[in-house]
Amino acid sequence: MDVRIEPGWKQQLAPEWEKDYFARLTEFVRGEYARGPVFPPASKIFAAFDYCPFDNVKVVILGQDPYHDIGQANGLCFSVNPGVAVPRSLVNIFKEIHSDTGAPIPPDGDLSRWARQGVLLLNSTLTVAPHRPGSHQGHGWEEFTDAVVKVLAENKSGLVFILWGAYAAKKGAFIDRSRHLVLTSAHPSPLSASRGFFGNHHFSLTNDYLKKQGKEPIVW
């Protein structure tokens, strides 16, 4: 199957394109987009990979679903385009960055600036129906993104995996902690941020680790 995705990722994930689950997933997704609105726009489904080529990955942040309200999802987990109101989870992320590193609160929620520095902003499910969170779960996206995490964990070393909430922690449970830094905490959602997300220092810990690996830290 010819998948339009960044060439390095296309090569690394080549076995997935020929698997039965991916053919079923492709048929499902095409059908959903043909029937009506789906988020993100079809051209942005693989935006996380296109903004952050395989060879550039230094940090992985795992999300769950794309945003499901109109105009929010842009293919990068937790991110929204400039001009879109910043979602509450992202507000809390910015608050923790400010508290942790002293960096100013950004004027918008566009995280492509992180992706270009080597942060893979990966949702577990890459598409969603409007106003129906979880609507595209169980159709193969989870198997695909498991393969993404696996190829990174096995073919690279010295990465930082940032796993917020029980869902992300479970998805990254197999990662070899002797080869990578794995950071876990509560999710930045307003429902849970005060139960361990605030004060997790994940952003300074990430940069400390990257510098020890001889890599450029992230400008958060």
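The values are calculated or read from the model by the stated rules, or taken from the named source; none is laboratory data. Here the structure is a predicted model, which is why all the values come from computation and not from measurement. When we count neighbours, we look across all protein chains shown, and the Cβ atoms used for this are built from the backbone with ideal geometry, even at glycine. Just the protein is used for accessible areas: all its heavy atoms, side chains included, with ligands, DNA and RNA removed. Shrake-Rupley method; radii C 1.70, N 1.55, O 1.52, S 1.80 Å.
Which is the longest run of the chain containing none of the trypsin sites (Lys or Arg not before Pro) found in DSSP loop states (not H, G, I, E, B) with at most 13 other C-beta atoms within 10 Å? Walk me through the numbers on the way to the answer.
Values: sites that count: R4, R116, R177, R179.
Between the exposed loop sites, the longest stretch runs 5-115.
If you bin the C-alpha pair distances of region 1-96 every 10 Å from 0, what whole percents do you get?
The distribution over region 1-96 is 14, 39, 35, 12, 0, given as percents.
Below 8 Å, C-alpha to C-alpha, sequence gap of six or more: please give me the relative contact order for the chain in percent. Intermediate results must be reported in sequence, preceding the final value.
Working: 369 pairs, mean separation 49.8, N = 220.
Taking the mean separation of contacting Cα pairs over the length of the chain, I get 23 percent.
When Lys and Arg each count +1 and Asp and Glu each count -1, what net charge do the other residues less than 14 Å away from P7, Cβ to Cβ, add up to?
Numbers: positive: R4, K10; negative: D2, E6, D50, D55.
That works out to -2.
Quick one: what are the phi-derived ³J(HN,Hα) couplings along region 97-112, Karplus 6.51/-1.76/1.60 with θ = phi - 60°, whole Hz, x for glycine and proline?
Rounded to whole hertz, the list is 4, 4, 5, 7, 10, x, 5, x, 5, x, x, 8, x, 7, 9, 4.
So how strong a dipole does the chain carry about its Cα centre when Lys and Arg Cβ are +1 and Asp and Glu Cβ are -1, to the nearest 20 debye?
Details: 23 positive and 22 negative charges, 78 e Å.
Dipole magnitude for the chain comes out near 380 debye.
What nm distance separates the two modelled labels at Q213 and R132, each placed 7 Å from Cα along Cα→Cβ?
Inter-label distance under the simple model: 3.8 nm.
Tell me whether region 100-215 comes out rounded, prolate or oblate; compute the Cα gyration tensor, take square roots of the eigenvalues as a ≥ b ≥ c, and use a/c under 1.5 as the rounded threshold.
Working: a/c = 1.56, a/b = 1.15, b/c = 1.36.
Because a/c hits 1.5 or more and a/b fails to exceed b/c, region 100-215 counts as oblate.
Between S99 and D50, how high is the FRET efficiency from 1/(1 + (r/R0)^6) when r is the Cβ-Cβ distance and R₀ = 25 Å? Nearest 0.05. Intermediate values should be presented prior to the final figure.
Working: r = 31 Å, r/R0 = 1.26.
Once the sixth-power term is evaluated, E becomes 0.20.
To the nearest 20 debye, what is the magnitude of the charge dipole of region 1-128 about its Cα centre, counting +1 on the Cβ of each Lys and Arg and -1 on the Cβ of each Asp and Glu? List each step's numbers first, then the result.
Details: 12 positive and 15 negative charges, 26 e Å.
It works out to roughly 120 debye.
When ligands, DNA and RNA are left out and all protein chains stay put, how many square angstrom of accessible area per residue does the chain have with a 1.4 Å probe?
Numbers: 10180 Å² over 220 residues.
Per residue, the chain has an accessible area of 46 Å².
Tell me the mean residue ellipticity at 222 nm calculated for the chain from its helices only (DSSP H runs of n ≥ 4, each -39500 (n - 2.57), averaged over every residue, nearest 500). Display every interim value, and only then the final one.
On the way: 9 runs with 82 residues, N = 220.
That comes out to -10500 deg cm²/dmol.
Taking R0 as 22 Å, what FRET efficiency do you get between I70 and R30 from their Cβ-Cβ distance, rounded to the nearest 0.05? Intermediate values should be presented prior to the final figure.
Working: r = 21 Å, r/R0 = 0.97.
The computed FRET efficiency comes out at 0.55.
Within the set of other residues whose C-beta is less than 13 Å from the C-beta of I61, count the net charge using Lys and Arg as +1 and Asp and Glu as -1.
+1
Residue separation times 0.36 nm, minus the C-alpha to C-alpha distance between Y21 and L205: what's the value?
62.6 nm
Looking at the calculated P(r) for region 16-70, what percent of the C-alpha pair distances fall above 12 Å?
Details: 1114 of 1485 pairs.
Considering region 16-70, 75 percent of its Cα-Cα pairs are separated by more than 12 Å.
Would you mind classifying region 132-191 by shape? Square roots of the alpha carbon gyration tensor eigenvalues, ordered a ≥ b ≥ c; an a/c under 1.5 is rounded, otherwise it is prolate if a/b is larger than b/c and oblate if not. Provide the component values of the computation, followed by the final result.
On the way: a/c = 3.04, a/b = 1.29, b/c = 2.34.
Because a/c hits 1.5 or more and a/b fails to exceed b/c, region 132-191 counts as oblate.
Set the Förster distance to 35 Å, then compute FRET efficiency between D2 and S194 from the Cβ-Cβ distance, nearest 0.05. Don't skip to the answer; put the middle values down first.
On the way: r = 47 Å, r/R0 = 1.33.
It comes out at approximately 0.15.
Mind running the shape call on the chain? Use the C-alpha gyration tensor, a ≥ b ≥ c as the square roots of the eigenvalues: rounded below 1.5 for a/c, prolate if a/b tops b/c, oblate otherwise.
Details: a/c = 1.70, a/b = 1.23, b/c = 1.38.
Taking the square roots of the gyration eigenvalues as a ≥ b ≥ c, the chain is oblate.
Counting pairs of alpha carbon atoms under 8 Å apart in space and at least six apart in sequence, what relative contact order in percent does region 33-137 give? Please report the intermediate quantities before stating the final value.
Working: 184 pairs, mean separation 42.8, N = 105.
Relative contact order, region 33-137: 41 percent.
For the chain, set up a Gaussian network in which alpha carbons nearer than 10 Å are linked by springs, and say which option among F46, F28, F78 fluctuates the most.
Highest fluctuation of the listed residues: F28.
Test of the criteria: in region 149-186, which chymotrypsin sites (Phe, Trp or Tyr not before Pro) are in a DSSP loop and have at most 15 other Cβ atoms within 10 angstrom of their Cβ? Write out the running numbers ahead of the final one.
Numbers: sites: F161, W164, Y167, F174; in loops: F174.
The qualifying sites are F174.
Tally up the carbon and sulfur contribution to the accessible surface of the chain as a whole percent, 1.4 Å probe, everything protein left in place. Present the calculation step by step, with values, prior to reporting the outcome.
Details: 5280 of 10180 Å².
Carbon with sulfur: 52 percent of the solvent-accessible area.
Among Q137, Q11, Q72, which one shows the highest mean-square fluctuation when the chain is modelled as a Gaussian network with alpha-carbon springs under 10 Å?
Looking only at Q137, Q11, Q72, the largest GNM fluctuation is found for Q11.
Could you grab the relative contact order for region 93-175? Cα pairs under 8 Å, six or more apart, rounded to a whole percent.
Relative contact order here is 16 percent.
Once you charge only the Cβ atoms, +1 for Lys and Arg and -1 for Asp and Glu, what is the size of the charge dipole of region 1-66 about its Cα centre, to the nearest 20 debye? Don't skip to the answer; put the middle values down first.
Numbers: 8 positive and 10 negative charges, 29 e Å.
Around 140 debye, computed over region 1-66.
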